[in-house]
Amino acid sequence: MSRDQRIMHILLIGLNHKSAPVEIRECLAFSPEDVGGVLPNVTGMPDIKEAMLISTCNRVEFLVVTENASGSAQEIKSFLADFRNTPLHEFEKSLYVREDDDAVRHVFRVASSLDSMVLGEPQILGQIKTAHRLSTELETSGVILNRLLHKAFSVAKRVRTETGIADHAVSISYAAVELAKKIFDDLEGKGALLIGAGEMAVLALEHLVKNGVKRIFVANRTFERAVEVAERFKGTPILFKEIGDGLLDVDIVISSTGASSYILTYKDVKPLVRRRRNRPLFFIDIAVPRDIDPDINRANNVYVYDIDDLKGVIDKNIEKRETEATKGDRIVDEGVIQFGKWLEAQEVTPTIVALRNKAESIRKKELAKTLSGTKSISEKERADIDRLTISICNKILHDPTIFLKRPGRWDKRDLYVNATRKLFNLDENGSANENGQD
């Protein structure tokens, strides 16, 4: 079989947060600037036709199309060691290798966020799209990888829309919003007070604003920081001593300071209940140690949730996501089967075309040789004989064609295509055989 007609294999080799500690992932990670030098080197390896590199904080993976999966895997391992000037034995045990259907399934699961550290997180799909764009710009991806990645994007969309894998909060900030929605069916137009302007608290406030919260107040020990955050959300900065008055105008309080003791107690809040006319007040305490005295729960229509409550919500939601992930894996398996059928068709089609072309060439030569010495038959009879020989060829080739097109395992397809090409001598000049000579 000529080089261009050999069977292609899809190979994935890499490591992720499950197989390697962060120090190894950091050591082997590639920046976008690195990729321009890496991918052409990989496609320059003897058996590799196409290549793509996915490198994030949680994974480094090479995805290639190759004629020799085992040989290419070893070459990529050696390349990684040389490029990063790190002995192979220091990271080889962290590497996993996937071939053919297993490689395709892995790509689909990664794109669908079924293999992420946080199940259902959306960032990985954008990272894969960026990696694919870089490979197309560098012209290291071709027909097979392009088709594979577009199918991965389609599968990921189905998983996100047909399952609840991303529906349940699995971060502190999202869980806070989910709890708020349980207290207030609709957050539209509600008011929020942020006490302490740390990163997690600000992120929780951002999610509340996206869900309709309008009136924003920000209190912080450093007033300058309160002003900065308030401006970001078009809110009002207040002093710490104004927190009591601020509680009269809001529905949700997010607290995350570095205080060593409670900044709000039952005695502080109880007098405000009547002045609030019993409107519900929801405290989200994400500080450690806690900012909000849990006794405040005793006040009418006042609800206090601390970080342990939020983690309880997250644990339950992770279980829900894992249940939905089972549905996602079913969609992934469907995608693997569909892509496998497409790939099989791409690889057997040249052989089927070559087989039919050779049969047609032999038919035409033998028919011309036979009819050249026969001048007594009419044009109609010549046409009838032509149709007869076409029909005979088609019937002879029907079963081999159906057999080659039949879905099967990757290794079997390789065997059958090779056998067909050898049996019918499709890769050499077949003129001698066509003339009936040995």
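Any read-out appearing in this document is the output of simple, stated calculations on the displayed coordinates, not a laboratory observation. Just so it is clear, the model here is predicted, and its values are computed rather than measured. Neighbour counts run over all protein chains shown; Cβ positions are idealised from the backbone, glycine included.
Along its first, second and third principal axes, ordered by size, segment 209-340 spans 66, 34, 31 Å in Cα coordinates. In sequence order, segment 221-233 has phi-based couplings of 4, 9, 5, 4, 5, 4, 5, 4, 5, 4, 5, 4, 9 Hz under the Karplus curve 6.51 cos²θ - 1.76 cosθ + 1.60, θ = phi - 60°, and Gly or Pro positions carry x.
Here the 3J(HN,Hα) profile of segment 136-152, calculated from phi with Karplus coefficients 6.51, -1.76 and 1.60 at θ = phi - 60°, is 6, 5, 7, 6, 9, 9, x, 4, 6, 5, 4, 5, 4, 5, 5, 5, 4 Hz, Gly and Pro shown as x. Here the peptides 88-97, 326-335, 370-379 are ranked by packing, the mean other Cβ count within 10 Å, and the order with the highest first is 326-335, 88-97, 370-379.
Segment 249-283 and segment 341-397 have Cα centres lying 88 Å from one another. Axis of helix 199-210 versus longest Cα principal axis of the chain: the two differ by about 80°, to the nearest ten degrees. By the rule of a C-alpha distance below 18 Å, with chain neighbours fewer than 8 residues away ignored, the lysines paired with LYS341 are LYS151, LYS405, LYS412. If you work out Cα Rg over 2.2 N^0.38 Å from the coordinates, which of [x] 1.49; [y] 0.95; [z] 1.03 do you get? Of the labelled values, this structure produces [x]. Here the contact order of the chain, divided by its residue count and restricted to Cα pairs under 8 Å and six or more residues apart, works out to 13 percent. Every helix of 4 or more DSSP H residues in the chain counts as -39500 (n - 2.57), and over all residues that averages to -18000 deg cm²/dmol at 222 nm.
Relative to the longest principal axis of the C-alpha atoms of the chain, give the angle of the C-alpha long axis of helix 410-423, reported between 0 and 90° and rounded to the nearest 10°. The two axes meet at around 20 degrees.
Under 5 Å from the amide H of THR236 lie the amide H atoms of ILE216, PHE217, VAL218, each residue being 5 or more positions distant or on a separate chain, with H modelled from the backbone and absent for Pro and chain starts. Less than 11 Å Cβ to Cβ from ASN317, Lys/Arg counted +1 and Asp/Glu -1: what total charge do the surrounding residues give? Neighbour charge sum, excluding ASN317 itself: -2. How high is the FRET efficiency from THR265 to GLU319, r the C-beta distance, R0 35 Å, rounded to 0.05? After rounding, the FRET efficiency stands at 0.50.
Selection among ALA359, ILE402, ILE390 by position relative to the dipole of segment 347-434 gives ILE402 as farthest towards the positive end (Cβ unit charges, Cα centre). Taking a sphere under 15 Å around the Cβ of ASP399 and counting the other residues whose Cβ falls inside, with K and R at +1 and D and E at -1, yields a net charge of +4. Between 0 and 90 degrees, the angle of helix 307-372 with respect to the longest Cα principal axis of the chain falls at about 10 degrees. Can you figure out the FRET efficiency of ARG382 with PHE424, using R₀ = 35 Å and their beta-carbon distance, to the nearest 0.05? My answer for the efficiency is 0.80. Using θ = phi - 60° in the Karplus curve 6.51 cos²θ - 1.76 cosθ + 1.60, the 3J(HN,Hα) couplings for segment 54-63 round to 10, 9, 10, 5, 10, 7, 10, 9, 9, 10 Hz; x is entered for Gly and Pro. Highest mean first, the peptides 396-402, 79-85, 43-49 sorted by other C-beta atoms within 10 Å per residue fall in the order 43-49, 79-85, 396-402. Taken over segment 172-314, lysine pairs spaced eight or more positions apart, or on distinct chains, with alpha carbons under 18 Å apart number 14. Amide H to amide H distances under 5 Å link ASP306 with ASP285, where only residues 5 or more positions off or on other chains count and H is placed in the peptide plane. Here segment 172-314 is assigned +1 on the Cβ of each Lys and Arg and -1 on the Cβ of each Asp and Glu. Its dipole about the Cα centre then comes out at about 480 debye.
Cross-link reach is defined here as a Cα-Cα straight distance under 13 Å, omitting same-chain residues fewer than 8 places apart; for LYS327 the aspartates and glutamates meeting it are GLU162. Near VAL213: Cβ cut-off under 13 Å, other residues only, Lys/Arg at +1 and Asp/Glu at -1. The net charge is +1.
Take the Cα of ARG84, step 7 Å toward its Cβ, do the same at ASP185, and the gap between the two points is 5.4 nm.
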